[in-house]
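Coordinate-derived values only; no laboratory data. Just so it is clear, the structure is predicted and the values come from calculations on it, not from any experiment. Ideal geometry is used to build each Cβ from the backbone, glycine not excepted, and the neighbour counts take in all protein chains shown.
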Amino acid sequence: MFGLHQVLQTLRRTTPNRCLLCQYPVTSALPLCHPCQLELPWLNTHCQHCSLPLGTQGICGECLHSPPPWRQCIAAFEYTAPVKQLIIQYKQSANLAAGRTLAHLLAKAVQLNAEPPLPQLLLPVPMHWRGQLARGFNQSYDLARMLSTQLGIAASCRHLRKRHHTQTQHTLPRKQRQRNLHGQFEIRKSVSGKRIALIDDVMTTGSTARAIAGLLVKEGAEQVDIWCVARTPKI
């Protein structure tokens, strides 16, 4: 006679998954149906430096005026529907299936677009402990951990720390964003000579990535790349 555990395992194997976006039954490992996969807003033409979505391939005005401190920025998607819904499910409802799906898709984008040499270390954008306590987890560390498994690159949440709890960056004017982030991050373990990818779910203004990447370069990192699930259009 089957115990409860065996029954549940059997049900998991025989019951089809539901699409995370439309709830249609799916049998593939990726919990997205084929029509919803076709709707994914893969990033096409974009800024060659910061992945800002553009009408044509090139370099955006901000990067021309102030080149970023990283070598390459890879964003899998434009931050629009339906990827926006997946990210909201993940961050606000702790939907781990959505998180695994986003990590899988970002790993695919990295495998297609990353310039050699690859990073040696994945560092998630840190959250202040108050923000992490309120959310229950740091989605950037979760993504870094899953990417580490898929790509075979070490991940660490111990190298970077955010000192203070700050207002959400995208709500602030550009100059205030820069002031808001001044001195906010610190490096707790040596990054000298290391090739690093900074991991985040969404890159909005780029101010946070600039602040951390600049600090990593200043502290001797050999190479800094930015990997994020999605990049917002210009706001």
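A few points about this structure:
- Using every pair of separate Cα atoms, the Kirkwood estimate puts the hydrodynamic radius of region 98-166 at 13.0 angstrom.
- Rounded to 10°, Cα long-axis angle of helix 83-93 versus longest principal axis of the chain: 80
- Cβ-based exposure ranking for Glu115, Glu78, in which fewest neighbours within 10 Å come first: Glu115, Glu78
- Peptides 27-40, 189-202, ordered by how many other C-beta atoms sit within 10 Å of their residues on average, highest first, read 189-202, 27-40.
- Each semi-axis of the equivalent ellipsoid for region 39-93 is √(5λ) with λ an eigenvalue of the Cα gyration tensor; in descending order they amount to 25, 13, 8 Å.
- Computed from Cα positions, the angle between helix 4-14 and the longest principal axis of the chain comes to roughly 80 degrees.
- Each Lys and Arg Cβ is given +1 and each Asp and Glu Cβ -1; about its Cα centre, region 41-231 then shows a dipole of about 640 debye.
- Rounded to 10°, Cα long-axis angle of helix 139-151 versus longest principal axis of the chain: 70
- Non-local Lys pairs in the chain, i.e. 8 or more apart or on different chains, that have alpha carbons under 24 Å apart: 14
- Per-q log10 I(q)/I(0), the chain, q = 0.08 Å⁻¹ (Debye; single scatterer per alpha-carbon; no solvent): -0.32
- Calculated [θ] (222 nm, deg cm²/dmol) that DSSP helices of n ≥ 4 give over the chain, each run adding -39,500 (n - 2.57): -11000 deg cm²/dmol
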